[in-house]
Amino acid sequence: MAVPEIKDVERGEIVSRVEGLGNPLLKKVADQDDVEESEINESYFMVLFSTFVAVCGSFEFGSCVGYSAPTQSSIRQDLNLSLAEAMRTSACFCITGWLAVFFSKSALLLDVGRFFTGYGIGVFSYVVPVYIAEISPKNLRGALTTLNQLMIVIGSSVSFLIGSLISWKILALTGLAPCIVLLFGLCFIPESPRWLAKAGREKEFRVALQKLRGRDTDITNEAEEIQASIQALEILPKARIQDLVSKKYSRSVIIGVSLMVFQQFVGINGIGFYASETFVKAGLSSGKLGTIAIACVQVPITVLGTVLIDKCGRRPLIMISSGGIFLGCILTGTSFFLKGQSLLLEWVPFLAVGGVLIYIAAFSIGMGPVPWVIMSEIFPINVKGIAGSLVVLVNWSGAWAVSYTFNFLMSWSSPGTFYMYSAFAAMTIIFVAKMVPETKGKTLEEIQASIRRET
């Protein structure tokens, strides 16, 4: 007699428990194959749809980040802004902000618009990867969470390309589309099951988990594992900010904060926001060609990273990425050094463009997405809000510091600026090798238990 099959979607497989299978039953089993395949596809549909809705926020993120590169010169010229005022507008995004940008007639309204969009992007940068990590089965979690960075890259690339063709005010209106899709899509996707379980909403927790895994999937084991983890955490006192420095959470906090520091201080926001001016300073007649090249490089490389993250693992990907960033910074810094010494001037533009493109490609495959993936995995749910807020604060403080100081550093020493960023890339490799655990193929509960054992 056949025992029913149990689908373990969290583990990415179907466990067949059929005993005493005789020849008369072979045809029946074969006839069930098509049904089983359709059930598996159905079980992934809601996860994929929910991820798509969530990453509309990531696309909006990228639209805002990419807005500055092709438009900064026109904005400063049209609104008569100083260098410092223009850098303050580099915050980020949301519907109110984009409309304010579109209708701006002075520096004040432009700053207000970018402030609102900046608040929106700050929320997206934390909520999107955490939501995706909490709804995804572990065999898909890395790839789906990396879609966050992919959509950021696509959003910024679209801004790079369109911004080279239309005015900066019309470009602001393109940021409305992902916001509208996001608001509409939120009406149809479930809440995070882990959050519902933590909130004590048992019935809604099971409904959401069943919806995400497919109506015919046995969610018993996964639901029990999630609830056991949350019950173990509930006996602990309510998390406070000072708890983050305790021994229990210190390793996770050090990993999360340090990865965000390294992600920013390799210089991505300075190089990304001011790409066109960097290319012009290196000797190109126009920076637009360079920004278009960046757009063409970012997307396919990020897609490759999305494929590799659950095959190669987080640690190898981020270390290879850091090595590429190091090389790109050295090449770009050397191009400016040669230009300053009036040596090999015909090679300077090629070294600068090549170095920046290597840098962007390397960042897109690892240092861009992986810190956010790891951040979404390492914190227990009882401190995830506080710890995640700290990590995002560190990330955006670093982003502001790098984008604000980039032009001043370039005025001080262009080669020195890129050599400094290369030093941070080298430190990233050492840190990841010594401190960061591999999280590939583990449930969130297994990852956090592993970190606690190593503390």
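The values are calculated or read from the model by the stated rules, or taken from the named source; none is laboratory data. The structure displayed is predicted, hence computed values, not measured ones. Neighbour counts run over all protein chains shown; Cβ positions are idealised from the backbone, glycine included. Keep in mind that these areas ignore ligands, DNA and RNA; they rest on the heavy atoms of the full protein, side chains included. Shrake-Rupley method; radii C 1.70, N 1.55, O 1.52, S 1.80 Å.
Glu224 meets all of the listed conditions (1) closer than 22 Å to Leu48 by Cα; (2) without any contact (Cβ under 8 Å) to a residue 12 or more places away in the chain but one, namely (1). Do you know which residues across the range 307-318 are surrounded by fewer than 20 Cβ atoms within 10 Å (Cβ to Cβ) and either farther than 21 Å from Met427 by Cα or among the aliphatic types (A, V, I, L, M) (or both)? Hits for the range 307-318 are Val307, Leu308, Lys311, Cys312. Going through the range 405-455 one residue at a time, which ones are in contact with a Gly (Cβ under 9 Å, 6 or more places away or on another chain), of a type outside the set (Lys, Arg) and modelled with pLDDT under 85? Hits for the range 405-455 are Asn407, Glu438, Thr439, Gly441. Per this entry, Phe205 is counted among residues that are among the aromatic types (Phe, Trp, Tyr), crowded, with 19+ Cβ neighbours inside 10 Å and either in contact with a His (Cβ under 6 Å, 6 or more places away or on another chain) or in a helix (DSSP H, G or I) (or both). The helices (runs of 4 or more DSSP H) located wholly in the range 368-455 that include 1 or more residues which are open to solvent by 20 Å² or more (accessible area, probe 1.4 Å) occupy 384-412, 414-435, 444-454. Scanning for something at pLDDT 75 or above, open to solvent by 60 Å² or more (accessible area, probe 1.4 Å) and in a loop (DSSP other than H, G, I, E, B), does the range 216-234 turn up at least one residue? Within the range 216-234 (the criterion being at pLDDT 75 or above, open to solvent by 60 Å² or more (accessible area, probe 1.4 Å) and in a loop (DSSP other than H, G, I, E, B)), the answer is yes, since at least one residue qualifies.
Filtering the range 183-200 to residues that are touching a Leu at 6+ places or on another chain (Cβ under 7 Å) and crowded, with 20+ Cβ neighbours inside 10 Å leaves only Pro193. Going by what's in this entry, would Phe279 be described as open to solvent by 20 Å² or more (accessible area, probe 1.4 Å), assigned to a helix (DSSP H, G or I), at pLDDT below 85 and within 30 Å of Ser159 (Cα to Cα)? When the stated conditions are applied, Phe279 does not pass them.
I'm trying to understand the selection: among the residues of the range 305-324, which are at pLDDT below 85 and either β-branched (Val, Ile, Thr) or over 12 Å from Thr439 (Cα atoms) (or both)? Across the range 305-324, the qualifying residues are Gly305, Thr306, Val307, Leu308, Ile309. Within the range 338-361, the residues that satisfy the criterion of being within 28 Å of the chain's Cα centre (by Cα) and either under 20 Å from Val392 (Cα atoms) or open to solvent by less than 10 Å² (accessible area, probe 1.4 Å) (or both) are Ala352, Gly355, Val356, Tyr359, Ile360.
Among the residues of the range 304-326, some residue qualifies, meaning at least one is assigned to a helix (DSSP H, G or I), closer than 17 Å to Pro415 by Cα and among the β-branched types (Val, Ile, Thr).
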